[in-house]
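Notes follow the structure.
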Amino acid sequence: MAHIYLTDTEGREATIDIIAGNSLMQTITDAGFDDLLAICGGMCSCATCHVYIDEGQLAQLSQMNEDEQELLSLSDYQQDNSRLSCQLRMSDALDGLRVTIAPAD
Ligand code: FES
């Protein structure tokens, strides 16, 4: 089964199986990582599902839309590899994706 490698805000690492079609946010929260708050439930309006993606894997992901860009720009912790995990759809092609949960604003 395809999977991602996740690091949480305290540096703990985990390997999580992917279910194709689920969002990355759902993948992380379903695995029990409650430091990804995802307050708006995936409506792209809170930015509490902020993650960092391994720089070398960014090109594998879908393009960011304007709403995602705008929300991320408001974060004190935005980096070049920032994404909102609710906006990323899982697929087997993302096997091995390395993801780190960003600190909460
Ligand atoms: S869960 Fe709110 S923006 Fe992603």
Could you check segment 59-79 and list, in sequence order, the residues that are more than 12 Å from the ligand (Cβ to nearest atom), loosely packed, with under 13 Cβ neighbours inside 10 Å, more than 21 Å from D34 (Cα to Cα) and touching a residue at least 24 places away in the same chain (Cβ under 8 Å)?
S62
Consider C86 carefully, then state whether it is part of a loop (DSSP other than H, G, I, E, B), touching a Leu at 6+ places or on another chain (Cβ under 8 Å) and surrounded by 15 or more Cβ atoms within 10 Å (Cβ to Cβ).
no
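For (1) more than 10 Å from the chain's Cα centre (by Cα); (2) at pLDDT 95 or above; (3) in a strand (DSSP E or B), each residue gets a yes or a no:
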| site | (1), (2), (3) |
| --- | --- |
| A14 | yes, yes, yes |
| A20 | yes, yes, no |
| Q26 | no, yes, no |
| L37 | yes, yes, no |
| G42 | yes, yes, no |
| S45 | yes, yes, no |
| V51 | no, yes, yes |
Considering residues that are in contact with a strand residue (DSSP E or B) (Cβ under 7 Å, 6 or more places away or on another chain) and either part of a helix (DSSP H, G or I) or of a type in the set (A, V, I, L, M) (or both), the number found within segment 65-83 is 3
Going by the structure shown, is D92 out of contact with any strand residue (DSSP E or B) (no Cβ under 9 Å at 6 or more places or on another chain), touching a residue at least 60 places away in the same chain (Cβ under 8 Å), more than 13 Å from the ligand (Cβ to nearest atom) and of a type outside the set (A, V, I, L, M)?
yes
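The values are calculated or read from the model by the stated rules, or taken from the named source; none is laboratory data. The shown structure was predicted, so the numbers you read here are calculated from the model rather than taken from an experiment. Virtual Cβ from ideal backbone geometry, glycine too; neighbours counted across all protein chains shown.
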